[in-house]
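The values are calculated or read from the model by the stated rules, or taken from the named source; none is laboratory data. What you are looking at is a predicted structure, and each value in this text was computed from that prediction instead of being measured. Here the Cβ positions follow ideal geometry from the backbone for every residue, glycine too, while neighbour counts run over all protein chains shown. The accessibility values were calculated without ligands, DNA or RNA, using every heavy atom of the protein model including side chains. Shrake-Rupley method; radii C 1.70, N 1.55, O 1.52, S 1.80 Å.
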Amino acid sequence: MLGGGIPPTMTASRTFSLEDQRTFAELSGDANPMHVDPVAARRLLFGKPVVHGVHALLWGLDRWLNDRQGDEAVTLRGIDVAFQTAIGVGDEVTCTATSSDAETVELELATDMGKAARVRVKCTDGAESVNGRLPEHGAPLACREQTPDAIQSLQGVLPLYVNPRLLERLFPVLARRVSATQLAEILATTRLVGMVCPGLHSVYSGLSLELAGQSGATAELGYRVTKCDPRYSVVQMKVDGPTVSGSIKAFLRPQPKRQATLAELRKEVKPGEFASQRALVVGGSRGLGEITAKLLSAGGADVVITYHSGVTDARRVVSDIEAGGGSACCVPFDVCTVSSDALATVEGEPITHLYFFATPHIDGTKGGFSPALFQRFCDYYVTGFYRTVHRLQTRGWLPRGILYPSSVFVEDGSKNFAEYAAAKMAGETLCAYLEQAFPKLSVLRPRLPRVATDQTASLIPIKTEDSVPVMLRHLRELELRT
């Protein structure tokens, strides 16, 4: 039984920084770009770097143990975790711990986006005897890109290691009170999921471990895939270590969406049908912006695309357009920054058409309404859009036509995307105002269906429409209007 005066509940809050994530990646060996690379992560499932689930788990356990009187050693007897919603880097997360009995604690991790994890831990006073001392470092792993067929039969071992200085920096109480071997086993599970199986395209979903009573075993975590169901992207594994045995659940997440090349799109476009345009495609480095830039170029338009952080993607799009005989350039531009003046560097003929695809990652809440999330969407879809038009107007380049893509979510009324829908509706109202203020300006604001892009990626297969015919229909409508 756990000694000391034990309060029935404990609450702690914090935010995880990118530097915290990189330190944890060094400690655990899990350097999946989803957790540590902001540019790569923006095209992945969550649209931004997210906290390792095990990082948040160990922080919660550390804060719970910190509230316990005494400094005695503790042995973990069992741990069950269900990771429910990703915790974004920079988001505030709250951990609430409730001790249901003398040996059991239940933790709940939550952000303003909803519950992030449910944890149940059993532990007892006293240290379990473990043979040997673990190495401080292991050989770095390459982040493997696995296919469902390859995953089906995967099995192997991961050597255990733990750096005591990094462990103490991140989890000072756990470092003192829980055996390094048990912590190394837990850390190895995130290295397994993030780097090996499923590897590069992975999401850690759940963990269930029990003390196995085999402390004389080799300092390795053995793993074996027991289920891989491509229909639902589910991967389950059996794991065994020196002190624990149990199972892991993960998902094989969708890869970034590859858009068609200009050469592939030429057959969809009539030669010269957009030749009168000099088009500014804001957010043209990927997704619908990328498709729009290529379709316009295939129809003879001179295209300027902007990017926020994805310079490599933007240059790739420009190179593809130029290789296909089109004309394009790219400039950095942040619609949310008042001082951003990159559009002033654009030379040549005036901009005649604006295509606005700037967007944050489209998150949804699990019920309720988040004013902060609504404001984030408005920063792009309302304020950022207005600033873009105003900058062009100031330069004497007020476009003849603007495409402002809205969404069917405005009319669907999904409670999980209320903030997004409300911001898009506000943007539509701004479009109507601009048409009244500038009679020669035509603003097309179609409510687009769900189309296949990085933004619509999902662990569970969902129906999406082909973006090419959808966008081409609206590009042609705007051309006729102007």
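Things to note:
- Given R0 = 22 Å, the distance between the Cβ atoms of PHE438 and ILE362 translates into a calculated FRET efficiency of 0.15.
- For the residue pairs LYS257/LYS440; LYS48/LYS122; LYS48/LYS267; LYS48/LYS463; LYS48/LYS270, alpha carbon separations beyond 26 Å are given by LYS257/LYS440; LYS48/LYS122; LYS48/LYS267; LYS48/LYS270.
- Note, ³J(HN,Hα) from phi for the stretch 27-44, Karplus 6.51, -1.76, 1.60, rounded to Hz, x at Gly and Pro: 5, 8, x, 9, 10, 4, x, 4, 9, 10, 10, x, 5, 5, 5, 5, 9, 9
- Heavy atoms of GLU477 accessible to a 1.4 Å probe, total area in Å² rounded to 10: 70
- Those residues of the stretch 153-183 whose amide nitrogen sits under 17 Å from the label point placed on GLU220, 7 Å along Cα→Cβ: 154-162
- Residue order for SER179, SER370 - accessible surface, 1.4 angstrom probe, largest first: SER179, SER370
- Taken one residue at a time, the phi angles of the stretch 368-378 give Karplus couplings (6.51, -1.76, 1.60, θ = phi - 60°) of x, 9, 9, x, 5, 5, 4, 5, 4, 5, 5 Hz. Gly and Pro are set to x.
- Residue-count net charge about LEU392 - beta-carbon cut-off 14 Å; Lys, Arg +1, Asp, Glu -1: +4
- Over the stretch 46-205, the reciprocal of the mean inverse Cα-Cα separation, the Kirkwood hydrodynamic radius, stands at 17.0 Å.
- Note on LYS227: lysines with a C-alpha under 23 Å away, same-chain residues under 8 apart excluded, are LYS238, LYS249.
- By the compact-protein rule of thumb, 2.2 N^0.38 Å, the alpha-carbon radius of gyration of the chain corresponds to a ratio of 1.12.
- The relative contact order of the chain, computed from alpha carbon pairs under 8 Å that lie at least 6 residues apart in sequence, is 12 percent.
- Pair ALA323, LEU141: separation of 7 Å Cα→Cβ label points (nm): 3.3
- Förster-model FRET efficiency, 60 Å R0, ASP71 and ASP229, C-beta, rounded to 0.05: 0.85
- Cα-derived Rg over Rh, computed across the stretch 294-383 with Rh taken as Kirkwood radius: 1.05
- Against the rule of thumb 2.2 N^0.38 Å, how large the Cα Rg of the stretch 5-46 comes out: 1.64
- When the residues GLU349, GLU273 are ordered by accessible surface, computed with a 1.4 Å probe over the protein chains alone, the sequence from largest down reads GLU349, GLU273.
- For VAL443, the residues 5 or more places off, or on other chains, whose built amide H falls under 5 Å of its own are ILE402.
- Long-range HN-HN contacts of GLU220 with modeled amide H, under 5 Å: LEU160
- A simple rule links phi to the HN-Hα coupling: the Karplus curve 6.51 cos²θ - 1.76 cosθ + 1.60 with θ = phi - 60°, which for the stretch 52-59 gives 3, x, 5, 4, 5, 4, 5, 4 Hz, with x for Gly and Pro.
- Amide H partners (placed H, <5 Å) of GLY300, local residues excluded: GLY272, PHE274
- Highest to lowest packing among 25-38, 155-168, scored as the average C-beta count within 10 Å: 25-38, 155-168
- Other residues lying with their Cβ under 13 Å from the Cβ of ARG191 contribute a combined charge of -3, Lys and Arg counting +1, Asp and Glu -1.
- Using just its DSSP H runs of length 4 or more, each adding -39500 (n - 2.57), the chain gives a mean residue ellipticity at 222 nm of -9000 deg cm²/dmol after division by all residues.
- Model label points for ALA82 and ARG176, set 7 angstrom from Cα along the Cα-to-Cβ axis, are 3.4 nm apart.
- The share of accessible area on the chain that comes from carbon and sulfur is 51 percent, using a 1.4 angstrom probe.
- In the context of the full set of protein chains, residues of the stretch 240-378 present 39 Å² of accessible surface per residue (probe radius 1.4 Å, heavy atoms only).
- Computed over the stretch 89-198: relative contact order in percent, which uses C-alpha pairs under 8 Å that are six or more apart: 21
- Reported value for the stretch 251-353: 112 Å³ per residue, from the convex hull of its C-alpha atoms.
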